[in-house]
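Visitor: The structure under discussion is supplied below as structure tokens; questions concerning it will follow.
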Amino acid sequence: MTFVTGLQCRECGQDYPKEPLHVCETCFGPLEVVYDYDRIKKTISREKIEARAKNLWRYRELLPIDGEPQAGFHSGFTPLIRADRLGEVLGVKELYLKDDSVNHPTFSYKDRVVSVAISKAIEFGFDTVSCASTGNLANSVAAHAAKAGLNCYVFIPDGLEQGKIIGSAIYGPRTVAIKGNYDDVNRLCSEIADKYGWAFVNVNLRPYYAEGAKTHGFEIAEQLGWKLPRHVVVASAGGTILPKLAKAFKELKLVGLVDDGDCKIYTAQAAGCAPIVQALKKGTDLISPVKPNTIASSIAIGNPADGYYVLQAVKDSGGWGEGVTDEEILDAIKLLARTEGIFTEPAGGTEVAAAKKLIQQGRIPRDESIVISITGNGYKTLEAVARSVEKPFTIRATLESFDDLYHQLCQPAAEKAIAGET
Ligand SMILES: *Cc1c(COP(=O)(O)O)cnc(C)c1O
Ligand SMILES: [Zn+2]
């Protein structure tokens with residue numbers, strides 16, 4: 001069962017077969033998966049999807065597999081959470097969080113794209129999978145490769161957080177840290193992919209990989225009762241997820257799963273690495289690469305491969321974008337944790353902080369439905385917030401010691417409580 005007709009160049013429209021290809025030989029444009037939407041429309045229905053297991057393969061007709069899925073049987077279908085306490089602070093009426101910080105198995109949105117890429121790698125008969133990563137992708141590729149019994153090499157920039165490094169190493173891949181930033185890693189990986197012939201999920205399998213990101217959007221719509229939100233804020237790094245959200249919403253309408261409605265999409269970047277937001281604000285389609293300098297390491301890509309398509313998707317939807325400082329990111333991580341009980345990494349802090357800014361600017365109206373994507377988990381990046389949270393109070397193991405502490409912490413309320421007890 002497949003509804004994929006082939007690959008096609010996004011720029012010149014040349015057709016390519018369903019193979020591990022990613023760039024057009026004629027114009028070097030990126031290749032995109034093409035589906036037979038008429039046939040999908042005839043077979044797919046809300047009821048059919050709702051009856052399936054709660055993972056990303058419930059949208060399998062709109063994913064680029066030939067036959068049965070081979071990986072990612074528990075990835076996706078993360079919670080969409082009504083966020084009234086955060087909404088109150090931000091002064092908005094209808095706020096939701098799409099919480100990929102609890103995606104299975106490695107706690108970021110990357111488990112979506114990797115599920116599809118590893119499934120394709122197995123279909124194509126590769127025995128070694130690999131990736132160029134800012135951290136989360138390496139975690140996910142390593143975990144999915146372990147589960148599938150594939151050899152795995154992951155490439156990361158040196159100097160990543162411990163949680164990201166150990167969070168790959170535990171699954172037993174070979175981890176290679178490159179002296180440099182992600183853009184150096186990515187350049188090298190293109191050469192390695194050519195020479196070694198491995199399945200690089202975000203290089204030669206990129207057209208298939210990227211399709212997995214659509215499931216983030218499919219789920220948002222399904223979880224809202226098959227409706228699109230009016231606004232979505234999501235971080236951009238290499239530029240995969242944002243244009244795929246736009247594609248997901250478009251496809252849902254094309255195949256009749258969602259009746260109508262328009263969603264404005266907003267890109268969130270760290271001010272220390274905001275090439276896409278800068279181009280957006282300058283009003284140019286030309287993205288000038290930057291040298292990343294931010295705590296948001298998982299979105300620190302200075303030369304985004306699909307930045308141009310992020311700009312197009314943002315503009316087509318009527319959305320916008322914002323850059324936020326590291327300080328705003330840290331404040332937003334704490335705000336999210338303290339209002340909604342969700343601990344995100346700096347990328348998620350960037351998403352919340354950018355949403356806050358866009359709301360304050362009046363770019364996002366306060367009385368319409370808003371989804372903030374939370375794309376990564378804070379337990380991987382403890383270093384980022386370690387210095388900005390309260391340290392534990394260390395006391396002796398006596399009631400007296402605690403009474404003293406309690407007295408200090410919250411008198412006079414504490415005095416009353418103690419008096420009442422004794
Ligand atoms: C990779 C990543 C993103 C977005 O990256 P794109 O390359 O633009 O799809 C956002 N948040 C986190 C935590 C990520 O790891
Ligand atoms: Zn082309």
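Visitor: Which count do you get for residues in the range 1-20 that are at pLDDT below 95 and either among the aliphatic types (A, V, I, L, M) or within 12 Å of ligand 2 (Cβ to nearest atom) (or both)?
Guide: Qualifying residue count for the region: 1.
Visitor: If the requirement is being modelled with pLDDT of 95 or more, under 14 Å from Leu97 (Cα atoms) and out of contact with any Cys (no Cβ under 7 Å at 6 or more places or on another chain), which of these qualifies: Gly323, Gly348, Gly378?
Guide: Sole residue among the options that is modelled with pLDDT of 95 or more, under 14 Å from Leu97 (Cα atoms) and out of contact with any Cys (no Cβ under 7 Å at 6 or more places or on another chain): Gly348.
Visitor: Mind counting the residues in the range 11-23 that are more than 16 Å from ligand 1 (Cβ to nearest atom) and either within 26 Å of the chain's Cα centre (by Cα) or among the polar types (S, T, N, Q) (or both)?
Guide: So the first thing to find is which residues in the range 11-23 are more than 16 Å from ligand 1 (Cβ to nearest atom), and the list is 11-21, 23.
Filter once more, keeping what is either within 26 Å of the chain's Cα centre (by Cα) or among the polar types (S, T, N, Q) (or both): 11, 14, 18-21, 23.
Selection size over the range 11-23: 7.
Visitor: Restricting to the range 26-60, and then to whatever is in a loop (DSSP other than H, G, I, E, B) and within 16 Å of ligand 2 (Cβ to nearest atom), can you tell me which residue is most open to solvent (accessible area, probe 1.4 Å)?
Guide: Narrowing the range 26-60 to residues in a loop (DSSP other than H, G, I, E, B): 26-29, 36, 44-45, 51-55.
Those still in the list that are within 16 Å of ligand 2 (Cβ to nearest atom) too: 26-29.
Values: Thr26: 91, Cys27: 53, Phe28: 155, Gly29: 4 Å².
Only one residue fits best here, namely Phe28.
Visitor: Here's a follow-up. So, of the residues in the range 344-392 that are part of a helix (DSSP H, G or I) and more than 16 Å from ligand 1 (Cβ to nearest atom), which turns out to be surrounded by the most Cβ atoms within 10 Å (Cβ to Cβ)?
Guide: Per the stated criteria, the residue is Lys356.
Visitor: Listed residues Val89, Val114; which is at negative phi, within 16 Å of ligand 1 (Cβ to nearest atom) and either open to solvent by 50 Å² or more (accessible area, probe 1.4 Å) or not in a loop (DSSP other than H, G, I, E, B) (or both)? I'd like the intermediate steps shown before the answer.
Guide: Working: Val89 fails: within 16 Å of ligand 1 (Cβ to nearest atom).
Residue meeting the stated conditions: Val114.
Visitor: Another question about this same structure. Would you confirm whether any residue within the range 255-264 is on the phi < 0 side of the Ramachandran plot, touching a Gly at 6+ places or on another chain (Cβ under 8 Å) and surrounded by fewer than 23 Cβ atoms within 10 Å (Cβ to Cβ)?
Guide: Taking the range 255-264 as the starting set, the residues that turn out to be on the phi < 0 side of the Ramachandran plot are 255, 257-260, 262-264.
Those still in the list that are touching a Gly at 6+ places or on another chain (Cβ under 8 Å) too: 262, 264.
Filter once more, keeping what is surrounded by fewer than 23 Cβ atoms within 10 Å (Cβ to Cβ): 262, 264.
Checked against the condition, which is being on the phi < 0 side of the Ramachandran plot, touching a Gly at 6+ places or on another chain (Cβ under 8 Å) and surrounded by fewer than 23 Cβ atoms within 10 Å (Cβ to Cβ), the range 255-264 yields at least one hit.
Visitor: I need every pair where a residue in the range 149-171 that is assigned to a loop (DSSP other than H, G, I, E, B) has its Cβ under 7 Å from the Cβ of a residue that is of a type outside the set (A, V, I, L, M) and open to solvent by 50 Å² or more (accessible area, probe 1.4 Å), sequence separation at least 6 or different chains.
Guide: Leu150/Asp127; Asp158/Lys179; Glu161/Glu383
Visitor: Still on this structure: Can you confirm whether Val23 is within 14 Å of ligand 2 (Cβ to nearest atom), open to solvent by 50 Å² or more (accessible area, probe 1.4 Å), aliphatic (A, V, I, L, M) and out of contact with any Asp or Glu (no Cβ under 6 Å at 6 or more places or on another chain)? If you could, list the steps in order and put the result at the bottom.
Guide: Values: within 14 Å of ligand 2 (Cβ to nearest atom): yes; open to solvent by 50 Å² or more (accessible area, probe 1.4 Å): yes; aliphatic (A, V, I, L, M): yes; out of contact with any Asp or Glu (no Cβ under 6 Å at 6 or more places or on another chain): yes.
Yes: the conditions hold for Val23.
Visitor: While we're here: Given Ile65, Ile81, which one is more than 16 Å from ligand 1 (Cβ to nearest atom) and not in a strand (DSSP E or B)?
Guide: Working: Ile81 fails: not in a strand (DSSP E or B).
So the residue among Ile65, Ile81 that is more than 16 Å from ligand 1 (Cβ to nearest atom) and not in a strand (DSSP E or B) is Ile65.
Visitor: Take the residues in the range 228-264 that are in a loop (DSSP other than H, G, I, E, B) and without any contact (Cβ under 8 Å) to a residue 60 or more places away in the chain, then tell me which one is nearest to Leu80 (Cα to Cα).
Guide: Just the residues of the range 228-264 that are in a loop (DSSP other than H, G, I, E, B), to begin with: 228-230, 236-240, 255-263.
Checking which are without any contact (Cβ under 8 Å) to a residue 60 or more places away in the chain leaves us with 228, 258-263.
On the way: Leu228: 13, Val258: 18, Asp259: 20, Asp260: 20, Gly261: 19, Asp262: 19, Cys263: 16 Å.
Taking the candidates together, the pick is Leu228.
Visitor: Is at least one residue of the range 174-185 away from ligand 1 (no atom under 16 Å from the Cβ) and within 17 Å of the chain's Cα centre (by Cα)? Give the derivation first.
Guide: Taking the range 174-185 and keeping what is away from ligand 1 (no atom under 16 Å from the Cβ), we get 174-180, 184.
Right, trim to within 17 Å of the chain's Cα centre (by Cα) and you get none.
Within the range 174-185, none of the residues are away from ligand 1 (no atom under 16 Å from the Cβ) and within 17 Å of the chain's Cα centre (by Cα).
Visitor: Only one of these conditions is not met by Ile276: (1) among the aliphatic types (A, V, I, L, M); (2) open to solvent by 10 Å² or more (accessible area, probe 1.4 Å); (3) without any contact (Cβ under 8 Å) to a residue 60 or more places away in the chain. Which number is it?
Guide: Single failed check for Ile276: (2).
Visitor: Hey, can you tell me all the residues within the range 141-176 that are open to solvent by 60 Å² or more (accessible area, probe 1.4 Å) and touching a strand residue (DSSP E or B) at 6+ places or on another chain (Cβ under 6 Å)?
Guide: Within the range 141-176, Asn151, Tyr153, Asp158, Arg174 meet the criteria.
The values are calculated or read from the model by the stated rules, or taken from the named source; none is laboratory data. These numbers come from a predicted model, not from an experiment. FYI the Cβ positions are ideal-geometry reconstructions off the backbone, even for glycines, and counts take in every protein chain you see. The protein model used for the area step is the full one, side chains on, heavy atoms only, and it has no ligands, DNA or RNA in it. Shrake-Rupley method; radii C 1.70, N 1.55, O 1.52, S 1.80 Å.
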